[in-house]
Amino acid sequence: MASIQSLSSAVLDNAKKYSKYENLLHLVTFICAASSIFLAGNWLYVVALIAITSEFSSWLLSKTTNSKKSLGQELIRLNIIQKSYGSDMSVDLAYLKSKVTTDEFKNAGKFENTDYYATDDFEPEVRLVEIIQESCFWSQHLYQACKQRAIRNSILLAVLIIALVVTGLSVTSTDANYSVPRLALLFLMFFPLWNGIDKAISFGHATSKLTSIDQQLGAAKLATPNLLSLFAEYNVITSNTPLIPQKVFESEQEKLNTLWAERVAK
């Protein structure tokens, strides 16, 4: 039977696939909007319809992505509580499992990791502190990498948009520049840029918050109410932050494994 950890990983992996499709649809919107600068007549209306459809589809797909991410985060929260306190979470787990698809159950096995939140401490509060610290360490480093990536992509996209608009306005006629479908498409062209900026802000906010939680956990022995309050804050932050792309995780995994091993060895 699949563990909570493997199920959460399978669900989040599925959410990442939906997120990739979102990004592809954003790309379609951008390409349509950019090409519209050099089009006129009926082609302009066709491209406008495609761009609007792709962006609306991306918005609908984001709902599914967020739903999957929320389910994955709930499973992670449950796993942390069970690992820390050894509680019987069968009722809560049954409700969450009912939302997991058959394919996700089948794929869960490949995500099994016996070292996930491994700790030798016997005190529940100590185990919880160590697990949250490990989560904060990994998440805040990955969020920082995601923030830098989002900033780079946003800058490149902004430069490309400016270049396209300036070039397009210089080669098309004055009357065609300000047609309704063209202006609508120019507006849509900024959606991917706004999406990237929003992600950069979210990742940056989450990075600073998780760093603060990690520092508070390591400062002194916390009373149980304060510890649970920090755990709740951790859950809110990770739930409201965009998914970490698989490429970012894979690129940072080896370095973070080394850094975490050095930290726990001290």
Output for the range 41-73, where each listed residue is free of Cβ contacts under 8 Å to residues at least 40 places away in the same chain and over 16 Å from LYS16 (Cα atoms): GLY41, ASN42, TRP43, VAL46, LEU49, ILE50, THR53, SER54, PHE56, SER57
Meets criteria (surrounded by 20 or more Cβ atoms within 10 Å (Cβ to Cβ) and under 18 Å from GLN246 (Cβ atoms)) for ALA48: no
Checking LEU259 against (1) at pLDDT 90 or above; (2) of a type in the set (A, V, I, L, M); (3) over 30 Å from TYR45 (Cα atoms), the condition it does not meet: (1)
Filter pass, PHE30 being under 24 Å from the mean Cα position of the chain (by Cα), within 24 Å of PHE191 (Cβ to Cβ) and free of Cβ contacts under 8 Å to residues at least 24 places away in the same chain: no
Selection within the range 3-27 - within 12 Å of the chain's Cα centre (by Cα) and aliphatic (A, V, I, L, M): LEU12, ALA15
Hits in the range 75-109 (condition: part of a loop (DSSP other than H, G, I, E, B) and of a type in the set (Val, Ile, Thr)): VAL100, THR101
In the range 229-249, the residues that are of a type in the set (D, E, K, R) and closer than 15 Å to GLN140 by Cα: GLU233
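The values are calculated or read from the model by the stated rules, or taken from the named source; none is laboratory data. Just so you know, these numbers come straight off a predicted model, no measurement behind them. Glycine also receives a Cβ, built like all others from the backbone with ideal geometry; neighbour counts cover every protein chain displayed.
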